[in-house]
Amino acid sequence: MYKQYPILIEQPSKKTEAWGIIVPDMPGCFSAADNEDDILRNAREAVALYLENVTELPEASSLEQAFKKAGKKYQVAFIDVDISAFEGPKKRINITLPESLLEQIDRANNNRSAFLAEAAREKLAHAH
């Protein structure tokens, strides 16, 4: 399961030689990169370290919210973060669904568990 988080990027200035990276949805999560090619990788590493130490995944800002946070000082980019490792252990359950619904799920996706988990995440995200 991937979630997109915005990052704010500050270009090097006369005072600094590195690109500054801030993850606004994760307080205190930041990094730097010596060149443009390392920005996204370093941002993902910072996010992974941040997520190892939290009990709840932060909500991701929308593009509009990210631009508001960026102001004129930063450029906005988004990184894909695999959050499945931070959701906790998996648990087997026994559920009952109509056969026709199972057939539709199987046609849409070859992994029932992944499909149902994603559907549940989407439903919960819209419930807030």
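The values are calculated or read from the model by the stated rules, or taken from the named source; none is laboratory data. Here the structure is a predicted model, which means the values were calculated and not measured. Quick reminder, even Gly has a Cβ in these numbers, built from the backbone with ideal geometry, and neighbours come from all protein chains shown. When the accessible area is computed, the model is the full protein with side chains, heavy atoms only, and any ligands, DNA or RNA have been set aside. Shrake-Rupley method; radii C 1.70, N 1.55, O 1.52, S 1.80 Å.
Taking the Cβ-Cβ separation of Ser84 and Glu64 as r and a Förster radius of 35 Å, what is the calculated FRET efficiency to the nearest 0.05? With a Förster radius of 35 Å, E is 0.85.
Cross-linked pairs Lys68/Lys123; Lys3/Lys91; Lys14/Lys69; Lys69/Lys90; Lys3/Lys73: Cα-Cα separations exceed 32 Å for Lys69/Lys90.
When the solvent-accessible area of the chain is split by element, carbon and sulfur atoms take up 51 percent of it, the probe being 1.4 Å.
The calculated Kirkwood hydrodynamic radius for the range 1-71 is 12.8 Å, given to one decimal from all distinct C-alpha pairs. Each Cα pair under 8 Å and six or more residues apart adds its sequence gap; the mean of these over the residue count of the chain is a relative contact order of 28 percent. Applying the criteria of a DSSP loop state and at most 12 other Cβ atoms within 10 Å to the trypsin sites (Lys or Arg not before Pro) of the range 43-107 yields Lys72, Lys73, Lys90, Lys91, Arg92. If I build a Gaussian network model for the chain, linking alpha-carbon pairs within less than 10 angstrom, which residue out of Ser31, Ser100, Ser61 has the largest mean-square fluctuation? It is Ser100.
Taking only protein heavy atoms and a 1.4 Å probe, what accessible area per residue, in Å², does the chain have with all protein chains in place?
For the chain, the per-residue accessible area is 75 Å².
Per residue, the chain reaches -11500 deg cm²/dmol at 222 nm when only DSSP H runs of four or more residues are counted, each adding -39500 (n - 2.57).
Residues whose amide H falls under 5 Å from that of Phe78, counting only those 5 or more places apart or on a different chain, are Ile7, with hydrogens built in the peptide plane. Considering the chain at the alpha-carbon level, its Rg and Dmax are found to be 18.6, 65 Å. Other residues whose C-beta falls under 12 angstrom from the C-beta of Ile105 contribute a net charge of -2, scoring Lys and Arg +1 and Asp and Glu -1.
Within the range 47-77, the GluC sites (Glu not before Pro) that combine a DSSP coil assignment with at most 12 other C-beta atoms in a 10 angstrom radius are Glu52, Glu56, Glu59.
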